[in-house]
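Chemist: Take this structure, written in structure tokens, and hold onto it; I'll ask about it next.
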Amino acid sequence: MALIPEFVIQNIHWFYVVISAFTTLALVFGDWDFEASAYLHAGVSFWSGLIYLNFIYEVFPVGLTPYADWILSTPLIILAFGLSVEKEITSRLAYATLSQMAVVVFGLLSVAFGMNLFFFALSTVAMVIMLSLVFWITFEEYPQLYVLLTATWIAYPIIFVLYGGKLAEATLPLIILPLFSKHLFSIIHSSRAE
């Protein structure tokens, strides 16, 4: 995007990487009630920060960066959230996690085939299934966190459409949203999980 100078974009990405590192350290070394959840969230923060370095160093095509992040981080968020309630991997939690992976894969296929509406629709259906399962698992115990998760995650397909699938151009939204959907969510969830 020509409106924002390249050095500003790089600094914004560095900001995200640093925030990811601090979140990872806080989750690893913090005193949390349900440590398994905090460690999963720490893995999310670490992975996300590591992958966002690709926006700076371009080790692989920049357009794949969000998908490389989401294919691992978003299912782990679902797993951590669900485990704090279920205490084990149930079939509902497994289906929710797999549905989230399908959201990412179908979103990537939509872009790969030129904003293909069929794959976008499949991604949307997978998201509805995932959010429904997560609602069923977590809403009674964590209603506010479920609303935070849903509100921030629904924003991603909106950004996807607004940017025509070119997520590498969505610099500010792809920094601001994960600050809430990953880092803030992880810290709040880890502080409340029992």
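The values are calculated or read from the model by the stated rules, or taken from the named source; none is laboratory data. Since we're looking at a predicted model, the values are computed, not measured. Note: ideal-geometry Cβ built from the backbone for every residue, glycine included; neighbour counts use all protein chains shown. Just so you know, the surface numbers come from the protein's heavy atoms only, side chains and all, with ligands and any DNA or RNA stripped out. Shrake-Rupley method; radii C 1.70, N 1.55, O 1.52, S 1.80 Å.
Chemist: Could you tell me how many of the residues in segment 1-25 are open to solvent by less than 40 Å² (accessible area, probe 1.4 Å) and closer than 20 Å to residue 181 by Cβ?
Modeler: Of the residues in that region, 7 qualify.
Chemist: Taking the condition of being of a type in the set (A, V, I, L, M) and at pLDDT below 95, how many residues in segment 109-141 meet it?
Modeler: Adding up the residues that qualify gives 4.
Chemist: On the given criteria, is residue 56 open to solvent by less than 60 Å² (accessible area, probe 1.4 Å), farther than 20 Å from residue 157 by Cβ, in a helix (DSSP H, G or I) and modelled with pLDDT of 95 or more?
Modeler: Against the criterion (open to solvent by less than 60 Å² (accessible area, probe 1.4 Å), farther than 20 Å from residue 157 by Cβ, in a helix (DSSP H, G or I) and modelled with pLDDT of 95 or more), residue 56 does not qualify.
Chemist: Name the one entry in 63, 30, 49, 43 that is at negative phi and crowded, with 21+ Cβ neighbours inside 10 Å.
Modeler: 49
Chemist: Taking the stated definitions as given, is residue 110 small (Gly, Ala, Ser), within 28 Å of residue 135 (Cα to Cα) and touching a Pro at 6+ places or on another chain (Cβ under 9 Å)?
Modeler: Criteria not met by residue 110.
Chemist: Is it the case that segment 109-132 has a residue that's without any contact (Cβ under 8 Å) to a residue 40 or more places away in the chain, within 25 Å of residue 168 (Cα to Cα), in contact with a Gly (Cβ under 6 Å, 6 or more places away or on another chain) and not basic (Lys, Arg)?
Modeler: Yes, because at least one residue in segment 109-132 is without any contact (Cβ under 8 Å) to a residue 40 or more places away in the chain, within 25 Å of residue 168 (Cα to Cα), in contact with a Gly (Cβ under 6 Å, 6 or more places away or on another chain) and not basic (Lys, Arg).
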